Each structure stands twice: as structure tokens, then as C-alpha cells.
Amino acid sequence: MNFAVPEECTALISALEKLLMQAEATAAPVDGSRSFFSRDLDSALEDSGFLDAAGLEEFGPMAAAMVVQEISSRPVIVEAAHSSFLRALALPEWPRPVAVLTGKFDQATRFLGVARSVVLLGENEARVCRIEGKDTIATAPFFAYPMARLADPAACLARSEVVADAALVRRLLLVATACELSGILKGALFSVTDYVKNRRQFGRAIGSFQAVQHRLAMCASTIAAGEWLARRAAVSGSLEDAVMAAGYLQESTSRILYDLHQFMGAMGLTLEHPLYRWSYRAKLLLSDLGGASRQLRDVAAITWPETA
Amino acid sequence: MDFSWSGPQSAFRARVVDFLKSELPDDWSEIARHGPGSRQQTDFSLRFCPKLAEAGLLVPHWPKEFGGEGATVWEHFILGEEMWAAGEPRGPQYMNVNWIGPTIMRFGTDEQKELHLPRAAKGQAIWCQGFSEPSAGSDLVSLRTSAERDGDNFVVNGSKIWTSYAGLADHCFLLARTSGKRKDGICIFIVPMDTPGISVRPIPSLVGEGDIHEVFFNDVTVPASAMLGEEGKAWSIITYSLGNERVGIPRYEFSRRTLDALVARLKEEGRWNDEYIRYRAGQALSACEAARLLVYRVVDERSRGAPPSAESSLARFAVITADHAVSNFGLEFLPASYSNDDIPSLKPHHERAIASGIASGAAEIQLGIVAQSYLELPWEPRA
């Protein structure tokens, strides 16, 4: 048992932080647009190799987990999780950004409008297909992610290839979701704590009220646990760890988001503060891969199998 | 980074498990039902702990000079996990090995070390913790029990409450006030419980037999040599002690094993194919594993010699959440088992779960520490 972050991971994350800070400094200000995609940052992350860490001997899945958590904790939106796990470990030859469709292939999904590959995950097989802009139709930007659906799902399916074992793809996606969600929640938490330190009501910072402190502290405990469950799932390669991490985080998300929006008050309802870039991403991830309901039933079935 | 156990760590765990298999009697679950403060479990601990000591498994993490083997922080924790998973057969003695002994080692005089550590290391000492008072629970610094200097002695007057194990303890780790200054007026005394003037009243409770008491001190004469550490310096010692206590108990492991037993019973009853029950079991399981990882992180920090931090309060809150998740699962799906008493760990687990957010520093204290030290939220002093 060793929780120390290896030096090479620390160095990688330190370099990543510099890139992210630069991107945040030069990004267009929050301008009232509801969905967002940092194309320049996405390309910079790809070019600099940060999204390949999982498949590199000197880094591996732990580094990938930390990369995804770090990127997701920022109010910038790029496709990092699918690329860092699914592409790096199962589809290295396929171009990114990578979008994923599970179950019904005619539904809208995140990053599809900017993706160059789409993974079509059924219960028994995983297929992948190259796509271009004309293959997709943008949908209403309810979530902070760029959302789109396939113009012709049947045609896409027809030209797709079986690429990997569906169970492997599902496990990698669960890890990706857990890492992305834990990073998003952590970023949102610290955005709100910054706000409540400075916002004064009744003559004092609202973050000094015990009612606010205790609920944010409860969020912090859950998010810290989720962060480590996600890292363990990335490193262990175990399906049990992957469904547990994703399920735990998905299960906790609604309660955490309620508190974070509550303490941000009306400011959190605006598109001028970036809280929605975390909270609406998290709202979409609630349902990823069947959501908490499926994940928690799955982890129970794996831990206590029927025949044991 | 490695989330698996090393060879030596696995071997140590196997050694503990083997010992428990060979030394726990067939009627252990009957004894454990009475709770850790009960006469039955206390008497059992006085038979069991000496065997544990003989096998080098009572205080393996203590330095060799005090009867230990210099075991690692992780090995100490593995020992605690397996003991808790078995229902804590060390009874009240877990306190001696986890924090009272180490506190005496660090702050005690040679005479105190010689007097108390060998007995604790042999599994022959039962202690109680004289901290909380009717007007000083979470706000420990408000304690009023006084210790007035009288030549070479102090005379103690006051009362303690919620004191676990007091009815059968031979010594009390007592906090008393020698002056009116808040933190700086508190001292620690090691007091034999048979000292004239001490009386104990058990309080009937929901948390096991003999677990909570009132302790009254009426003109109790204590020699100055019984003071632990310097006069007025007790607060830093208490902080050190509580730092050891707060994550010293791997209760999530007891919760996890109780959850295993609940699922086994649901399978026997043919109810394990119920998807909602599985979902709720998954919730409780993930709460246990969340607590485990946060506690492991603290243990890992401690193994590197890092000072105690707010991480232990993050972990403590997760442990409380896990205790409640498992207890609520049992109450929702197998309520009859609480009456039938057909799952041995169920009632003891429930008794600990309902106290877990209250004992050893309330959940709200932990949340306050997280808010101010981890999230760095502002603290506004009382008007």
C-alpha cells in the first residue's frame, strides 16, 4: 500500500497545470454561451501528449487518472477522459476527440459534434467509426458540453468496425467517467469555497456560517473519497473498482450539486459565472453507462455473486 | 502508487487471522454480543490479550524497549482491521495499545513508563478516558473538574460523564483543571480507579452493557507524580492523543463484515435477486470502501512521518457515513434479525453505529476541522 504520488506524475501534473493556466488566461471570457469547447486547448493537450499517459510505461493509468482529474477540475471543456483511457489503452490508432454512444445510437451525446471517432458500445460488442462534422447534427446546448447526435446512425453503424471487447471498453469508460466526475466536482467545490470566503452577508463572510461550512465539508469528504476510488479503479484494472468508483460518484453528485448551487446563490444561476460549466457537465455524467442505479447493483452482484 | 498489499503486509495479516482462528473460542460471538464495556468482554480481554501479547500481536508497533516489535504503521493498522472485523476481542484494551500507551511513552516520566507500560504490553490493563463532563463534551476546553495543589498532592473534585469502561477500569486518563486559564489550565493525571473518593454510576444505554458511566471525584487525593507531562501543557498532549484516536479504529471493516453477513442472510432468504436490495447493498458497500481509502490515505501519511492533518477528519466523517449506511441497510431489509438476534455482529454493529458520530469527537467537530483547515473557510470568533 503506497499512496505517494510518483515524482514523474508530479512533474507531469505540474507541466499540465502550466498549460491549463495559460489556456484559462487566454480563453474567451464567459460570455453567456451555454455550451463551450476549448478547441485550442484540446489540440494543445493532444499535441503535447498529456492524453497518452495511460499507455506510456513511465506514466501509466495513475498518471492518466490525475491528468483527467486535473483537466476536469478547470472551467475549460475539452475531451480528455475518453482519450486518456479508452483511446490510450484500447484504440490508440483512432483519431480523437472521441465520443461515445451507449445503448441507443440515435441519442445526443457529448463531444460528438467535435469528435473524429465515435465508439458505439452495445452490451456484447464495441464498434468504432470515424466521423466528420457532416455526420452529426448539433442539439440544444442544455449541458455545458457541446452536444450532437448522429445524422444517420444506421450508416455509421454499417461502416463501423468491431474494435475491442465490450467489457474492456465499458470498464475503461467507467474509469474515465469516475475520473472526470471527481475532477469536475472538486473544481466546482473549490470555486464555491472561493466565493463563500468573499461574499459577505449579515456582516460576515457566508463561508463562516456553520450551516454553510458543515455542508461544504461533507461535500469535501465525499469528493476526496471519490477522487481516490477513481484512482484506485484506474490502477487496479478491476471491474469491481470501476463500477464502485463511478457509482459512488454518480450517487453523490445530485446532493453535492444542490449544496454548491445553493451557496453560490443567484450568482450560480448566471452564465457569467462558470459554476454551470462544472455543474451541468456533472448533471450529464449522472446517467453515464446506466448511472448510479446500474453501477451500484453491478458492484453488489460482483462482490456477492449469486453462486457464492 | 500501489493500492495492493506488499508481501510482508499480507504475511502479517495472515499471522493475525491465523491467531484469531486458533484463539477465539466457539462462544466468542456470544461474549461479543454484550458489548466492549461489558463484564463479559472485559474479562475475556484479560484472558485474550495476554495470549495476543505472547504471540507478539498486542503491541507489535511499540518500540522494542516497551515490549513491541517495532512493527510498521501499516502493520499496526492491519492488526486493528482484523481485530475490528472479528468484533474487537481486545475489548477496552484497544485504547491502551492505540493511544494511551504511545502517549505515556512520549510524555510520561520514567516512573510512569515503568509503572504502566509493562502491564499494558502484557494485556493486563484496563483504562478509561476521563474527558467529557456534563458541561464539556465537544467543547472539551470548558471542563470544570478541578485539581487543587496541596503540597505534593493534588485534590480532585468534579465529575465526568459518558465515560466508557469506567466500571471495570483500573486506571483513568483524567483531564482536570489546575487553573482558570482555558487550554493552559488543563492537566492530565493518571489515577487509579480504586483511589478513595472515586465513585462510578453506570448509565443504562442503547450502546451496549457497561459502556457509559458517570464518574464522580470527591476530594480525591492524587500525587503530583501522577501528572502526565508538564502542568498547563496538557492541550498539546490531548491533541496528540486524539490524533491517534481519531483514525485508530477501522470501524469500516466491522461495517463491511456486517454487510457481508447481512447479504448472506438475504441470499438464504432468497431475496438477493431483488434489484433494489442490490442497489442499496451497493450504496452501503461503496460507503465502506470510500471510508477505507480515506483512512488508508491518513495511515499512509502517518507511515511517512507526516504530522496529523485535516485529512483525518475527512476520513472520520466518511467512516461515520459508512457505519450508518450499513446499519440503515440492516434495519431496512432485515429488521427481524435485530429481534431474533440471529446475526451475531448485527446488534453490536448497530450499537457502535449510533454512537459513531458522537464518540471521540462529534461529527460536527470533524466537519468544522475540514471546513477551516482543509477548505480554509473563515472562522469568526464568538461575539
Quick check on the range B:223-232. Is at least one of its residues within 22 Å of residue B:93 (Cα to Cα), charged (D, E, K, R), more than 10 Å from chain A (Cβ to nearest Cβ) and surrounded by fewer than 24 Cβ atoms within 10 Å (Cβ to Cβ)? no
Search result, residues across the range B:117-130 that are surrounded by 23 or more Cβ atoms within 10 Å (Cβ to Cβ) and either without any contact (Cβ under 8 Å) to a residue 60 or more places away in the chain or in a helix (DSSP H, G or I) (or both): B:117, B:120, B:125, B:127, B:129
Count of residues meeting criterion [more than 9 Å from chain B (Cβ to nearest Cβ) and either open to solvent by 10 Å² or more (accessible area, probe 1.4 Å) or more than 15 Å from residue A:179 (Cα to Cα) (or both)] in the range A:280-293: 8
Out of the range A:194-211, which residues are over 16 Å from residue A:260 (Cβ atoms) and either open to solvent by 80 Å² or more (accessible area, probe 1.4 Å) or not hydrophobic (A, V, I, L, M, F, W, C) (or both)? A:200, A:201, A:202, A:203, A:204, A:208, A:210
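Could you check the range B:131-171 and list, in sequence order, the residues that are of a type in the set (Lys, Arg), open to solvent by 10 Å² or more (accessible area, probe 1.4 Å) and in a strand (DSSP E or B)? Steps first, answer last, please.
The initial filter retains those residues of the range B:131-171 that are of a type in the set (Lys, Arg), namely B:144, B:149, B:160.
Retained after the next criterion (residues that are open to solvent by 10 Å² or more (accessible area, probe 1.4 Å)): B:144, B:149.
If the condition is that a residue be of a type in the set (Lys, Arg), open to solvent by 10 Å² or more (accessible area, probe 1.4 Å) and in a strand (DSSP E or B), then B:149 is the only one that fits.
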Testing residue B:290 on (1) more than 25 Å from residue A:306 (Cα to Cα); (2) facing chain A (nearest Cβ under 8 Å); (3) buried (at least 21 other Cβ atoms within 10 Å of the Cβ); (4) not polar (S, T, N, Q), one condition comes back false. Which one is that? (1)
Take the residues of the range B:268-287 that are more than 7 Å from chain A (Cβ to nearest Cβ), part of a helix (DSSP H, G or I) and open to solvent by 50 Å² or more (accessible area, probe 1.4 Å): which is modelled with the highest pLDDT? B:276
Identify the single condition in (1) in a helix (DSSP H, G or I); (2) touching a Ser or Thr at 6+ places or on another chain (Cβ under 8 Å); (3) open to solvent by 60 Å² or more (accessible area, probe 1.4 Å) that residue B:239 does not satisfy, given that it satisfies every other one. (2)
Out of the residues in the range A:98-112 meeting the condition of being in a loop (DSSP other than H, G, I, E, B) and either closer than 18 Å to residue A:175 by Cβ or in contact with a Pro (Cβ under 7 Å, 6 or more places away or on another chain) (or both), tell me which one is least open to solvent (accessible area, probe 1.4 Å). A:111
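Take residue B:209 and tell me if it is under 20 Å from the mean Cα position of the chain (by Cα), farther than 15 Å from residue B:132 by Cα and at pLDDT below 95.
Here the answer is yes, as residue B:209 does meet what is asked.
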Pairs needed: first member in the range B:207-235, touching a residue at least 40 places away in the same chain (Cβ under 8 Å) and over 19 Å from residue B:168 (Cβ atoms); second member anywhere, open to solvent by 60 Å² or more (accessible area, probe 1.4 Å) and charged (D, E, K, R); C-beta distance under 6 Å; at least 6 residues apart or different chains. B:224/B:152; B:232/B:184; B:235/B:183
Residue B:113 passes all but one of (1) free of Cβ contacts under 8 Å to residues at least 60 places away in the same chain; (2) open to solvent by 30 Å² or more (accessible area, probe 1.4 Å); (3) not in a helix (DSSP H, G or I); which number fails? (3)
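Listed here are the residues, each with its yes/no results for (1) more than 14 Å from chain B (Cβ to nearest Cβ); (2) outside any helix (DSSP H, G or I); (3) modelled with pLDDT under 90.
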| residue | (1), (2), (3) |
| --- | --- |
| A:13 | no, no, no |
| A:25 | yes, no, yes |
| A:30 | yes, yes, yes |
| A:33 | yes, yes, yes |
Being assigned to a loop (DSSP other than H, G, I, E, B), touching a residue at least 12 places away in the same chain (Cβ under 8 Å) and open to solvent by less than 40 Å² (accessible area, probe 1.4 Å) is true for just one of A:144, A:63, A:88, A:53. Which residue is that? A:144
Going through the range A:294-308 one residue at a time, which ones are facing chain B (nearest Cβ under 8 Å) and at pLDDT 95 or above? A:295, A:296, A:297, A:298, A:299, A:300, A:301, A:303, A:304
Looking at (1) more than 10 Å from chain A (Cβ to nearest Cβ); (2) in contact with a Gly (Cβ under 6 Å, 6 or more places away or on another chain), can you tell me which one residue B:355 breaks? (2)
Among the helices (runs of 4 or more DSSP H) lying completely within the range B:322-383, list those that include at least 1 residues that are within 27 Å of residue B:87 (Cβ to Cβ) and over 21 Å from the mean Cα position of the chain (by Cα). B:335-340
Residue check: is residue B:70 in a loop (DSSP other than H, G, I, E, B) and assigned by TED's automatic domain parsing to the domain that holds residue B:12? yes
I need the full set of residues from the range A:178-192 which are open to solvent by 10 Å² or more (accessible area, probe 1.4 Å) and among the polar types (S, T, N, Q), in order please. A:191
In the range B:58-91, which residue that is in contact (Cβ under 8 Å) with a residue 40 or more places away in the chain, small (Gly, Ala, Ser) and under 21 Å from residue B:6 (Cα atoms) is surrounded by the most Cβ atoms within 10 Å (Cβ to Cβ)? B:80
Scan of the range B:76-120 for residues that are of a type in the set (Phe, Trp, Tyr) and farther than 21 Å from residue B:35 by Cα, ordered by number: B:77, B:107
Out of the helices (runs of 4 or more DSSP H) lying entirely within the range A:152-271, which hold 3 or more residues that are of a type in the set (A, V, I, L, M) and either within 11 Å of chain B (Cβ to nearest Cβ) or in contact (Cβ under 8 Å) with a residue 12 or more places away in the chain (or both)? A:166-198, A:210-236, A:239-264
Please enumerate the residues belonging to the range B:293-320 that are touching a residue at least 12 places away in the same chain (Cβ under 8 Å), over 17 Å from the mean Cα position of the chain (by Cα), open to solvent by 20 Å² or more (accessible area, probe 1.4 Å) and within 9 Å of chain A (Cβ to nearest Cβ). B:297, B:303, B:311
Can you spot a residue in the range B:194-201 that is open to solvent by less than 10 Å² (accessible area, probe 1.4 Å) and assigned by TED's automatic domain parsing to the domain that holds residue B:136? no
Within the range A:83-97, which residues are of a type in the set (D, E, K, R) and within 12 Å of residue A:169 (Cβ to Cβ)? A:87
Out of all the residues in the range B:251-261, which are aliphatic (A, V, I, L, M) and surrounded by fewer than 23 Cβ atoms within 10 Å (Cβ to Cβ)? B:261
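The values are calculated or read from the model by the stated rules, or taken from the named source; none is laboratory data. Given the structure is predicted, the values throughout are model-derived calculations rather than measurements. Note that each Cβ is placed from the backbone with ideal geometry, even for glycine, and that neighbours are counted across all protein chains shown. Ligands, DNA and RNA are stripped out before the accessible areas are found, and what is left, the full protein with its side chains, is counted by its heavy atoms. Shrake-Rupley method; radii C 1.70, N 1.55, O 1.52, S 1.80 Å.
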